[in-house]
Amino acid sequence: MPQPAPATSAAHPVLAEVVRNGFVEGLHRGSLVLLAADGSVELALGDVTSPVFPRSSNKPMQAAGVLRAGLDLVGERLALAAASHSGEAFHRGLVRTMLDEHGLSPQDLRCPPALPLDQQEQEAYLAAGGRRDRVAMNCSGKHTAMLAAAARRNWPLDSYLDPEHPLQQLIRTVVEEAAGEPVAAVGTDGCGAPLMAVSLTGLARAFRSFVLAAPGTPERRVADAMRAHPEYVAGTRRHDTWLMRGIPGTLSKVGAEAVQGLALPDGRALALKIDDGGARALGPVLARALALTGVTAPVLNRVGRMPVLGGGDEVGQVRAVFRTR
């Protein structure tokens with residue numbers, strides 16, 4: 001049965017506007033939820049209770065699932081299991097190392113061949129003769145971990161992306177427990193893995209649960225690895241990395257179609273989605289949302305800056321404009 005359509009974007013507030021030479025040429029609508037340290041909803045804009053596909057913002061839960069399956073990953077390897085990596089050389093190198101460590105090969109991966117996600121890295125990769133490759137795909141660390149977990153349990157490898165596979169069923173349990181709500185729909189993510197829908201409020205709860213989980217639990221192990229090694233979660237030129245470096249104890253994970261989940265170490269958390277998938281609005285909206293929680297770190301200026309160019313020069317900006325009342 002087809003799923004019900006989400007609320008129309010016109011019902012959601014404008015979160016950001018695109019300004020060129022002083023003229024507003026575009027608007028980005030969306031939804032945003034902020035949770036207080038005690039888990040209560042402090043601010044809700046738009047629709048924060050209907051299900052959305054969190055895309056790669058679900059990766060911390062997927063990584064916790066492979067730990068629950070018995071795969072013992074630590075450090076950079078665990079961070080890479082939760083990554084949408086940029087495809088930089090150190091990312092590709094560790095994916096290949098992990099495949100070797102578990103008796104796997106790039107041919108076992110079921111993510112599609114791709115070029116590095118980071119534009120600067122992509123140009124260098126192509127100049128060096130690189131071609132589309134499964135290892136370079138931004139989800140290759142997650143897929144390697146999923147394969148290794150399946151091998152560890154003697155579960156089928158060729159069907160590890162089937163929603164009915166034991167590993168994917170275990171991941172679904174993690175998602176539902178962390179979000180505090182049932183998965184509303186299951187789709188297929190861009191990388192081919194099952195994609196599980198929850199509300200933005202559920203996504204914020206999930207991130208909050210990871211930073212507050214007891215030390216040594218799969219959820220806390222994932223949060224700690226991501227926060228200790230953010231370059232492996234994202235890359236050297238990505239806002240998740242900047243945030244986790246610039247605001248100690250922060251857990252941050254972006255998802256495609258302009259989704260973001262984030263939690264601060266005291267339990268404050270947020271989740272947001274830009275309706276049209278416009279990633280250019282994500283940084284400005286995220287920076288303003290964090291400022292509303294009381295964060296004053298300089299990194300907010302870096303994350304929130306999104307220039308609009310004309311003829312190669314800056315002629316405007318994408319700026320957050322949502323109000324709290």
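Report whether or not Gly294 is at pLDDT below 95, open to solvent by 20 Å² or more (accessible area, probe 1.4 Å) and closer than 25 Å to Leu43 by Cβ.
It is true that Gly294 is at pLDDT below 95, open to solvent by 20 Å² or more (accessible area, probe 1.4 Å) and closer than 25 Å to Leu43 by Cβ.
Any idea which of Leu157, Leu104 is free of Cβ contacts under 8 Å to residues at least 60 places away in the same chain, more than 17 Å from Pro230 (Cα to Cα), open to solvent by 40 Å² or more (accessible area, probe 1.4 Å) and touching a helix residue (DSSP H, G or I) at 6+ places or on another chain (Cβ under 7 Å)?
After ruling out the rest, the residue left standing is Leu157.
Return the total of residues in segment 169-205 being among the charged types (D, E, K, R), in contact (Cβ under 8 Å) with a residue 60 or more places away in the chain and within 19 Å of Leu35 (Cβ to Cβ).
Qualifying residue count, segment 169-205: 1.
Take Ala184 and decide whether it is more than 17 Å from Ala83 (Cα to Cα), surrounded by fewer than 19 Cβ atoms within 10 Å (Cβ to Cβ) and touching a strand residue (DSSP E or B) at 6+ places or on another chain (Cβ under 7 Å).
yes
Could you list, in sequence order, all residues of segment 70-93 that are open to solvent by less than 20 Å² (accessible area, probe 1.4 Å) and assigned to a helix (DSSP H, G or I)?
Of everything in segment 70-93, those that are open to solvent by less than 20 Å² (accessible area, probe 1.4 Å) and assigned to a helix (DSSP H, G or I) turn out to be Leu78, Ala79, Leu80, Ala81, His91.
In segment 130-154, what count of residues is obtained for those that are open to solvent by less than 10 Å² (accessible area, probe 1.4 Å) and among the charged types (D, E, K, R)?
1
Taking segment 301-322 on its own, how many of its residues are in contact (Cβ under 8 Å) with a residue 24 or more places away in the chain and not in a strand (DSSP E or B)?
5
Any idea which of Asp276, Asp266 is of a type in the set (Asp, Glu), open to solvent by 10 Å² or more (accessible area, probe 1.4 Å), touching a residue at least 24 places away in the same chain (Cβ under 8 Å) and under 30 Å from Arg20 (Cα atoms)?
Asp276
Where the second residue is at pLDDT below 95 and among the polar types (S, T, N, Q) and the first is closer than 22 Å to Ala271 by Cα and lies in segment 4-33, which pairs have Cβ atoms under 6 Å and are six or more apart or on separate chains?
Arg29/Ser9
May I ask you to list the residues in segment 159-184 that are closer than 25 Å to His91 by Cβ and part of a loop (DSSP other than H, G, I, E, B)?
Selection gives Tyr160, Leu161.
Out of all the residues in segment 32-64, which are in a loop (DSSP other than H, G, I, E, B) and touching a helix residue (DSSP H, G or I) at 6+ places or on another chain (Cβ under 8 Å)?
Matches in segment 32-64: Gly39, Gly46, Asp47, Val48, Thr49, Pro54.
Do you know which residues across segment 235-261 are buried (at least 21 other Cβ atoms within 10 Å of the Cβ) and among the polar types (S, T, N, Q)?
Scanning segment 235-261 gives Thr250, Ser252, Gln260.
Is it true that Arg227 is touching a Ser or Thr at 6+ places or on another chain (Cβ under 9 Å), basic (Lys, Arg), surrounded by fewer than 23 Cβ atoms within 10 Å (Cβ to Cβ) and part of a helix (DSSP H, G or I)?
Judged against the criteria, Arg227 is a match.
The values are calculated or read from the model by the stated rules, or taken from the named source; none is laboratory data. Here the structure is a predicted model, which is why all the values come from computation and not from measurement. Reconstructed Cβ throughout: ideal geometry from the backbone, glycine too, with neighbour counts over all protein chains shown. These accessible areas exclude ligands, DNA and RNA; they are computed on the full protein's heavy atoms, side chains included. Shrake-Rupley method; radii C 1.70, N 1.55, O 1.52, S 1.80 Å.
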